[in-house]
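Throughout, read-outs are computed from the coordinates displayed, never taken from laboratory work. Small disclaimer: the values here were computed from a predicted structure and weren't measured. We place every Cβ from the backbone using ideal geometry, glycine too, and count neighbours over all the protein chains shown.
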Amino acid sequence: MSIAWLMRIPNWLLIPAWFGVLSFPFTGAKTAIVISGGILGAGILWRFLERTIALSRGKKFSLFEQIKTIPSTAYLYLSLSVALLLPFITSPYVVDTASLAGIYIILSLGLNIVVGYTGLLNLGFAAFYAIGAYSYALLNTTLALGFWESLPISMAISAVAGFLLGIPALRLRGDYLAIVTLGFGEITRIVLNNWVSVTNGPNGIAGIQRPSIIGIEFKGVTDYYYLVLFFVLFTIFLINRVINSKAGRAWMSIRDDEIAASTIGIDTFLYKLYAFTFGALWAGLAGQLFAAKMRFVSPESFTFLESVLILSMVILGGQGSIGGSIIGAIILVVLPEILREFEQYRMVFLGAGLIFMMIFRPQGLIISRHNKP
Amino acid sequence: MHIIEFKGLTKYFGGLAALEEVSFRIKENAIFSIIGPNGAGKTTLFNCLTGLTKPSRGEILFKGKNIVGLPPHSISRAGIARTFQNIRLFKEMTVLENVLSGQHNSCGQKIWASLLRTKDFLRQEESLRQRAYEYLEFVGLHEELDRAAGELPYGSQRRLEIARALATEAEVMLLDEPTAGMNPQETAEMMEIMKRLKEIGKTVVLIEHDMKVVMGVSEWIIVLDHGVKISEGTPEMVKNDPLVIEAYLGKEAHA
C-alpha cells in the first residue's frame, strides 16, 4: 500500500487536522473541532489577504516575507510597551506569572554569560540563586536590613561565591567542569538543608520583608511586577554593555578557541573567572528578588532540577543571544502554566517540545547574529 | 641585532625527543624560515616559543630575556604572535570581531568604563575599529567585516589569522605553514603579504613546506630533522648542503 497520497494533502488542511487530533484527548471532541476550525479559518484568512494584496499589486505577495522585514527595533519597542502595559490589560494571575518569568529572565541572562558567551557548562547555577535568596533572607530576618541595603550585599556574596568556586573548578574543562559545578549545586543545597542553626534547615526561613521605597511598601502583585521589570531592564542594559566590550570579546574568543585566545594575549583563566563571577552576580539579584516575592525561602526551591531548568532556558532560547535567553525564560515559565489544565501530561508536552527543538533547531530559537545558517 | 635566541632547546614527549639541543638566533626585521620533513619538530618549536608547550630543557631569549615558563598570554604581550597550521579562528565571531579581539593587549579598557559608556570608552572603541580596519586592509579582507569568520573561504581564513596576529602589535610574527593548501595565485599573494610584513618592521618566522616560497622570501633558513638542527644558512647554502638533500631525499643507495 502506498502512502504517497499522504504527502499530497495540502498544508492548510494538514496543520488544522493535526492540531485537532493532538488536542482531542485533552479537550474532548467539541473543543478539538473548534481549535482545528479556528486554525483552518485563520489559514484561509491569511491566504485571502495574500491573494487580495497580490491581485491589487499585480505580483506575488508573501505575508511571511513581509513580517521578516520588520526591523528588530520595532519588536523591541513592541515588547517593551507590552511589558509596561501588562498589568492594565491582563489579570493579576498573569502579572504574577510575569514577575516569576522576570526573575527567570535575570537568571538565564546570567547563565548565558557563562554557558552561551564563554562556553563553560555550569550545572549548578541554582546554587548562586540560592545564595542570593538566603543572603537576603538572613540579612533581613537576623540583621533587620531592608531590601535596598541588602541588595548589593547579597549580589556581592553570590559573586564572591562564583569567584571562589571558579578558582579550583576552572582548572578543569568540559565534562569535568560540569560535574564539579553540579557537585557545588548539590553541596550548597545540602548545607542549606542541614545547617539548621543558621538556615532553619528544611523548614526554611519565613517572614521576609517586602521591598519598599521611601516608606511605601511594594504590596500588590502589580507593584512587585514593576520592580522586577525594572531589574530585568537594568540587567539587560548592563549585560549588553559588557558583552559589547573588551570583556565580551574575550569571552567569545575563549568559547570559540581557547588556545588561540591565549596566544593573542587573553589571560583565559582570569577571563573565565570573570565570567563565573559576573554570571553569579545576576543569580544573586534574582535570588533576592525571589526571596522578597515569596517572603519565604527553603532549600527545595534550589534543587538540581532548577539548574537544569535555567540551562534549558538558555539552550532553548539560543546560546550567546540576549533575546534568546529572554524568550527561553518566558516560554519555560509560561508554558507549564498554560498546560496546567492537562495536569500530569504537561511535563510530557514540555519534554516532547524540547526534543523537537533539539532535532529541528539545535541552535535555539534566536540564532545569535553570527551563526546564521 | 638578534631578537630571539634559542639555547640548547630540548623537548621530550615521553621517551621521544621532539627537539634536541637546538640552538640558533633570529635576526630582527628579517624573514626567517624553519624547514624540515614531517615530524622534524617545527611546530613543537613554535609551541615552545609561544608558551603552549613547556620545553624540557634549554632557554629561549626574547630581546635578551628568558621567556621559558611564561604563560602564552604574557608571551603575546611581550611581542610574539602566531598563526596556526590548522587554522584556529574564532569561527562564530565576525571578521571584524576577530581582529578586535586581537587588540586585547593594547586596549586598556576598564570594566566600569564599558558599563558607563564614557566618552573615553566610545572614542577608544572607535579607534579600535579604525585600526582593525587597517589591519584587515593590510591582508585584503576589509570588505568582509561582518561575515562570520567560519564562513570565509580557506585562503581568506589564513589571511584573517595574520590580521588577528598583527592586531596584537607583536614585533615577531610566527607563521605556521601559511600557504598550505593554497593555489599558486593565493600563494603569490601570501608571499607578498610576508614581504610587506617585513617592510613594516616585523620579524617573520616561517614554517613552510613549499620550497618556492621558502627560497623566494627567506633571508636565513634553518633545517630541522628528527628534532636536530642539521643545517643553517642562506637559501643558497642550504639548498646545496648534502645533509639537507639527504634528509629530504634519503641516502644514496649502495648496492
**Q.** GluC sites (Glu not before Pro), loop per DSSP, at most 11 other Cβ atoms within 10 Å - longest free stretch of chain B
**A.** B:1-142
(Q) From the helices alone, meaning DSSP H stretches of at least four residues, give me the mean residue ellipticity at 222 nm for the protein assembly as shown, per-run term -39500 (n - 2.57), in deg cm²/dmol to the nearest 500. (A) -19500 deg cm²/dmol
Q.
I'd like the FRET efficiency for residue A:149 and residue A:198, computed as 1/(1 + (r/R0)^6) with the beta carbon distance as r and R0 of 22 Å, rounded to 0.05.
A. 0.65
(Q) Given a Förster distance of 60 Å, report the FRET efficiency between residue A:348 and residue B:239 from their Cβ-Cβ distance, rounded to the nearest 0.05. (A) 0.25
Q: Would you give the gap between the C-alpha center of region B:84-121 and the C-alpha center of region B:1-71, rounded to a whole Å?
A: 29 Å
(Q) How high is the relative contact order of region A:119-276? Use alpha-carbon pairs under 8 Å, at least six apart in sequence, and give a whole percent. (A) 28 percent
Q | Dipole of chain A [Lys/Arg +1, Asp/Glu -1 at C-beta], most positive-end residue of A:205, A:182, A:139 | A | A:182
Q: Note down the relative contact order for chain A as a percent, whole number, built from C-alpha pairs under 8 angstrom at least six residues apart.
A: 26 percent
Q | Under 5 Å, built H, 5+ apart or other chain: amide partners of residue B:231 | A | B:223
(Q) Going through the cross-link list A:246/B:202; B:91/B:202; A:246/B:42; B:27/B:212; B:7/B:202; B:202/B:239, which pairs have a Cα-Cα distance over 29 Å in this structure? (A) A:246/B:42
**Q.** Inter-site label distance for residue A:77 and residue B:129 at 7 Å from Cα along Cβ, in nm
**A.** 2.3 nm
(Q) I'd like the distance between the alpha-carbon centres of region A:88-126 and region A:299-327, rounded to an integer number of Å. (A) 6 Å
Q: Provide A:276, A:218 in ascending order of the number of other Cβ atoms located within 10 Å of each residue's Cβ, fewest first.
A: A:218, A:276
Q: Could you work out how far apart the two model spin labels at residue A:340 and residue A:55 are, taking each label as a point 7 Å from the Cα in the direction of the beta carbon, and quote it in nm?
A: 4.6 nm
Q) Using θ = phi - 60° and the Karplus curve 6.51 cos²θ - 1.76 cosθ + 1.60, what whole-Hz ³J(HN,Hα) does each residue of region A:252-260 get, with Gly and Pro shown as x? A) 5, 4, 4, 4, 6, 6, 5, 5, 4
**Q.** Whole-Hz ³J(HN,Hα) from phi, Karplus 6.51 cos²θ - 1.76 cosθ + 1.60, for region A:37-50, glycine and proline x
**A.** x, x, 5, 4, x, 4, x, 5, 4, 4, 4, 4, 4, 4
Q: Please turn the phi angles of region A:229-236 into ³J(HN,Hα) values with the Karplus equation 6.51 cos²θ - 1.76 cosθ + 1.60 (θ = phi - 60°), one per residue in order, whole Hz, x for glycine and proline.
A: 4, 4, 5, 4, 5, 4, 5, 4
Q. Taking H as built 1.01 Å from N, whose amide H comes closer than 5 Å to the amide H of residue A:365, not counting residues under 5 places away?
A. A:317, A:318
Q) Name the trypsin sites (Lys or Arg not before Pro) in region A:257-346 that are in a loop by DSSP and that have at most 16 other C-beta atoms within 10 Å, would you? A) A:295
Q. Residue A:250: net charge of surrounding residues, Cβ under 13 Å, Lys/Arg +1, Asp/Glu -1, itself excluded?
A. -1
Q.
Expected output is a single nm value to one decimal: the length gained when fully extending between residue B:154 and residue B:120, i.e. 0.36 nm times separation in residues minus the C-alpha distance. What is it?
A. 8.5 nm
Q: Return the distance in nm (one decimal) between the two label points of a simple spin-label model at residue B:86 and residue B:7, each offset 7 Å from Cα along Cα→Cβ.
A: 3.5 nm
Q: Hey, for a label at residue B:209 modelled as a point 7 Å past Cα toward Cβ, could you say which residues of region B:84-98 have their backbone N under 19 Å away?
A: B:84-88
Q: Rank these for me by crowding, B:230, A:103, B:75, going from fewest to most other beta carbons within 10 Å.
A: B:230, A:103, B:75
(Q) Using Cβ counts within 10 Å as a stand-in for footprinting exposure, how do A:267, A:175 rank, fewest first? (A) A:175, A:267
Q | Distant-in-sequence amide H partners of residue B:19 (H built 1.01 Å from N, under 5 Å) | A | B:11
Q: Putting +1 on Lys and Arg Cβ atoms and -1 on Asp and Glu Cβ atoms, find which of B:124, B:34, B:47 reaches farthest to the positive end of the dipole of region B:1-131.
A: B:124
Q: Work out, step by step, the length gained on full extension between residue A:8 and residue A:66: first 0.36 nm times the residue separation, then minus their alpha carbon distance; give nm to one decimal.
A: 18.2 nm
Q) Under the definition of Cα pairs under 8 Å and six or more residues apart, what whole-number percent is the relative contact order of chain B? A) 27 percent
